[in-house]
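Read the structure below first, then the notes.
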Ligand code: FES
Ligand code: MG
């Protein structure tokens with residue numbers, strides 16, 4: 001019996017008192033035999049399946065396969081649903097609810113008789129939210145990424161989900177696409193279950209999980225509908241049972257070295273800018289010191305190896321056929337902490353030591369990369385005292401050093417109302433400044449930073465301009481876009497004080513973003529600045545506005561940073 005007591009779930013199912021009777025008795029309604037309550041690691045399968053999250057619609061089936069593995073290894077699988085965040089429908093933005101979902105995950109794990117956790121993830125926020133919640137409990141945990149859709153197809157060509165969205169205004173307004181054209185794209189771009197198959201945020205998050213050591217090696221790129229996805233899910237189910245026996249908790253895997261590895265890999269794959277905000281939040285939960293500056297210091301000198309949209313040519317299915325993330329990890333070994341531990345109990349370097357590349361047009365070598373330097377630039381200056389970010393590989397080289405006149409939009413409604421006004425005083429040298437789209441302001445920091453250009457400039461053939469905001473950008477988008485400006489405008493950051501006609505200087509090489517207005521003038525503007533009314537006065541949204549931290553800290557709620565462990569202090573009677 002001594003071995004049984006080591007299991008956390010024994011405190012529920014192993015007891016011989018009244019509460020042990022209660023805990024077991026009601027579970028018997030589901031027909032479990034006696035031995036399921038005795039000395040079996042209980043594996044919670046945390047499922048983000050939802051019909052409102054199409055990218056995760058196959059996860060209910062995948063959970064059954066995970067259970068198969070758990071049972072084979074002698075565990076007791078119990079699947080539970082958590083808040084699922086569907087990127088394409090939730091308003092005003094899934095980011096507003098990432099922290100809420102993480103609370104759901106955390107409390108569901110801690111409050112229940114669970115010894116180990118499998119996180120079933122897919123669409124953008126479903127990965128960071130579940131990992132954040134699991135970190136605050138710190139049980140043995142493995143991630144099973146749901147996998148990308150098959151490549152989008154349109155008239156004989158591959159097209160990427162997400163990325164095409166950002167071209168629709170241009171296609172309709174400039175190339176005269178008809179309704180039928182758009183219909184064919186709409187149906188051809190989403191051909192199977194799975195998440196976006198560009199290197200957008202969902203794919204970046206799956207690669208983040210793998211590079212942190214939280215998935216079985218090779219899992220991130222496998223398409224959702226590939227039979228091997230099921231095989232890996234079953235193996236993950238087997239493995240989590242062993243992890244419980246080994247007490248291989250998240251905190252043993254998520255060390256500073258693992259975070260540094262994830263930053264290197266995100267650069268090498270040309271991953272999403274959203275990676276930054278999610279990794280900062282995860283680090284905050286597990287208690288590893290990580291700053292915005294680390295992303296530039298560790299990631300910006302890393303070569304780009306992966307030729308995927310939005311910045312390259314191919315899609316996730318091609319990445320999988322070329323060998324997937326283990327190829328990148330092997331190629332990048334001189335940049336990585338190869339001894340970082342992963343969920344399979346081996347280190348990341350050994351896991352990927354023999355990982356042949358089957359297509360060097362998709363995955364380049366470290367010796368001959370697609371670009372010598374990828375990653376994110378972290379900008380500083382009076383316009384962003386706590387920092388802002390820009391993805392140079394997604395930007396136009398001729399705009400990386402630029403001085404331009406500000407054209408200011410006070411909020412998103414103001415932008416929509418005026419951007420296509422033929423009388424708007426704007427040309428391609430101007431800098432589009434959008435306020436009010438930060439964590440507090442929108443609220444929830446939506447992916448609107450890559451705002452469409454004015455139609456009159458699109459028609460002139462202009463495809464990029466410098467844009468600055470306190471919001472985010474979709475990982476499937478591109479452009480010379482300064483994002484995550486902190487402090488945001490709605491709490492009185494200098495961004496709030498920018499006026500039409502001010503000159504703004506962007507100097508990416510020197511990591512500078514400067515508003516060319518004197519300190520005295522800024523102080524005078526600040527004195528007469530009025531904070532916009534809060535977007536909510538009750539409920540979760542008020543709680544979020546009152547507690548959300550700024551982008552440079554990961555936009556987690558202040559009260560959620562850190563963890564409370566797996567201990568439950570009181571019984572239910
Ligand atoms: Fe779900 Fe892109 S919309 S991953
Ligand atoms: Mg997205």
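How do the pairs read when you match residues in the range 100-117 that are in contact (Cβ under 8 Å) with a residue 40 or more places away in the chain with residues anywhere that are in a helix (DSSP H, G or I) and surrounded by fewer than 19 Cβ atoms within 10 Å (Cβ to Cβ), using Cβ under 6 Å and keeping only pairs 6 or more apart or on different chains?
100/540
When you scan the range 15-28, do you find a residue that is touching a residue at least 12 places away in the same chain (Cβ under 8 Å), within 16 Å of ligand 1 (Cβ to nearest atom) and over 17 Å from the mean Cα position of the chain (by Cα), even just one?
no
Kindly indicate whether any position in the range 184-207 is modelled with pLDDT of 95 or more and away from ligand 1 (no atom under 15 Å from the Cβ).
no
Please list, ordered by residue number, the helices (runs of 4 or more DSSP H) wholly in the range 306-419 having 1 or more residues that are touching a helix residue (DSSP H, G or I) at 6+ places or on another chain (Cβ under 8 Å) and surrounded by fewer than 23 Cβ atoms within 10 Å (Cβ to Cβ).
325-331, 348-351
Can residue 224 be described as under 25 Å from residue 58 (Cα atoms), buried (at least 24 other Cβ atoms within 10 Å of the Cβ), modelled with pLDDT of 95 or more and touching a strand residue (DSSP E or B) at 6+ places or on another chain (Cβ under 6 Å)? First the steps, then the outcome.
Values: under 25 Å from residue 58 (Cα atoms): yes; buried (at least 24 other Cβ atoms within 10 Å of the Cβ): yes; modelled with pLDDT of 95 or more: yes; touching a strand residue (DSSP E or B) at 6+ places or on another chain (Cβ under 6 Å): no.
So residue 224 fails the test.
Looking at the range 472-482, which of the residues that are within 16 Å of ligand 2 (Cβ to nearest atom) and over 15 Å from the mean Cα position of the chain (by Cα) is modelled with the highest pLDDT?
481
Please verify whether residue 457 is farther than 22 Å from residue 374 by Cβ, assigned to a loop (DSSP other than H, G, I, E, B) and more than 16 Å from ligand 2 (Cβ to nearest atom), treating the condition exactly as stated.
Criteria not met by residue 457.
Within 16 Å of ligand 2 (Cβ to nearest atom), buried (at least 23 other Cβ atoms within 10 Å of the Cβ) and within 21 Å of residue 394 (Cα to Cα), is that true of residue 444?
no
Please verify whether the range 172-195 includes one or more residues that are within 16 Å of ligand 2 (Cβ to nearest atom), assigned to a helix (DSSP H, G or I) and either in contact with a helix residue (DSSP H, G or I) (Cβ under 9 Å, 6 or more places away or on another chain) or over 18 Å from residue 454 (Cα atoms) (or both). Break it down into steps so the answer makes sense when it comes.
To start, the set of residues in the range 172-195 that are within 16 Å of ligand 2 (Cβ to nearest atom) comprises 189-190, 194-195.
Next cut, assigned to a helix (DSSP H, G or I) only: none.
No, the range 172-195 contains no residue that is within 16 Å of ligand 2 (Cβ to nearest atom), assigned to a helix (DSSP H, G or I) and either in contact with a helix residue (DSSP H, G or I) (Cβ under 9 Å, 6 or more places away or on another chain) or over 18 Å from residue 454 (Cα atoms) (or both).
Please find, within the range 123-146, the residue that is nearest to ligand 2 (Cβ to nearest atom) out of those that are out of contact with any strand residue (DSSP E or B) (no Cβ under 9 Å at 6 or more places or on another chain) and part of a loop (DSSP other than H, G, I, E, B).
125
With respect to residue 120, is the statement that it is assigned to a loop (DSSP other than H, G, I, E, B), touching a helix residue (DSSP H, G or I) at 6+ places or on another chain (Cβ under 6 Å), closer than 19 Å to residue 54 by Cβ and more than 16 Å from ligand 2 (Cβ to nearest atom) true? I'd like the intermediate steps shown before the answer.
Details: assigned to a loop (DSSP other than H, G, I, E, B): no; touching a helix residue (DSSP H, G or I) at 6+ places or on another chain (Cβ under 6 Å): yes; closer than 19 Å to residue 54 by Cβ: yes; more than 16 Å from ligand 2 (Cβ to nearest atom): yes.
The answer is no for residue 120.
Being assigned to a helix (DSSP H, G or I) and out of contact with any strand residue (DSSP E or B) (no Cβ under 9 Å at 6 or more places or on another chain) is the filter; apply it to the range 66-95 and report the residue that is nearest to residue 278 (Cα to Cα).
Residue satisfying both the conditions and the ranking: 95.
Taking only the range 210-238 into account, find how many residues are more than 14 Å from residue 348 (Cα to Cα) and in a helix (DSSP H, G or I).
Residues flagged as more than 14 Å from residue 348 (Cα to Cα) and in a helix (DSSP H, G or I) within the range 210-238 amount to 12.
Residue 64: surrounded by fewer than 24 Cβ atoms within 10 Å (Cβ to Cβ), closer than 24 Å to residue 10 by Cβ, at pLDDT 95 or above and away from ligand 1 (no atom under 16 Å from the Cβ), yes or no?
no
The values are calculated or read from the model by the stated rules, or taken from the named source; none is laboratory data. Owing to the predicted nature of the structure, the values given are computational and were not obtained by experimental measurement. Here Cβ is always computed from backbone atoms with ideal geometry, including for glycine, and neighbour counts include all displayed protein chains.
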